[in-house]
Amino acid sequence: QCQLNGLWTNDQDSVMEISMLRDNGDFQGQYLTRVTLSGGCAQISPLRGAQQQLGEEGWPTFAFTVRWDKFSNATTAFVGQCFVDAGGKETLTTMWLLREAVGSLEEDWKATR
C-alpha cells in the first residue's frame, strides 16, 4: 500500500512534503520547486489535494494543486498514481498543467503549459 505522506523528490530535485493525510483522502503540504518560470529564486509553496481511497489492493490515484506563493503568478495542477515495486520502493507518477495569468482573453492561448 502506498503512503503519500512524507517527503518526495522528483527528477528535477524539487521537493514535496505531504504533512497531513486525512482519513477521507484529503491532504496538504508544501512544495519547493527547483524550476521557475522567471529564473528567480523559488520559495516554499502550499499544496492541497485528495487521494482516491481504495481497499487493501490497488494503487491509489491522487490530485493536488500548488499555488506558487510570492514568486510567480501561476498555479499548477498535478494528477498521478502511487506504485510500490517488488523491493518496496514507493514511486509517484504524475502529469501536470501549469496556468499563468495573462492580461487578456486574446492571450489565453499561451497561458497553459
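The values are calculated or read from the model by the stated rules, or taken from the named source; none is laboratory data. The model shown is predicted, which means the values in this text are computed figures rather than measured ones. Virtual Cβ from ideal backbone geometry, glycine too; neighbours counted across all protein chains shown. Each accessible area value is taken on the protein alone, full model and side chains, heavy atoms only, with ligands, DNA and RNA left out. Shrake-Rupley method; radii C 1.70, N 1.55, O 1.52, S 1.80 Å.
Quick notes on this one:
- Dividing the Cα radius of gyration of the chain by its Kirkwood radius returns 1.01 for Rg/Rh.
- Using Cβ point charges alone (K and R +1, D and E -1), the dipole size of the chain about the Cα centre works out to roughly 300 debye.
- Separation of alpha-carbon centers, the stretch 6-37 and the stretch 49-113, rounded to whole Å: 10
- Heavy-atom accessible surface of Thr61, to the nearest 10 Å², is about 60 Å², with a 1.4 Å probe and all protein chains retained.
- Probe 1.4 Å - accessible area at Ser72, Å² to nearest ten: 40
- Low-density loop cleavage sites - trypsin sites (Lys or Arg not before Pro) in the stretch 1-100, where at most 16 other Cβ are within 10 Å (DSSP): Arg22, Arg34, Lys70, Lys89
- Charged side chains reduced to their Cβ positions (Lys and Arg at +1, Asp and Glu at -1) give the stretch 53-99 a dipole of some 400 debye around its Cα centre.
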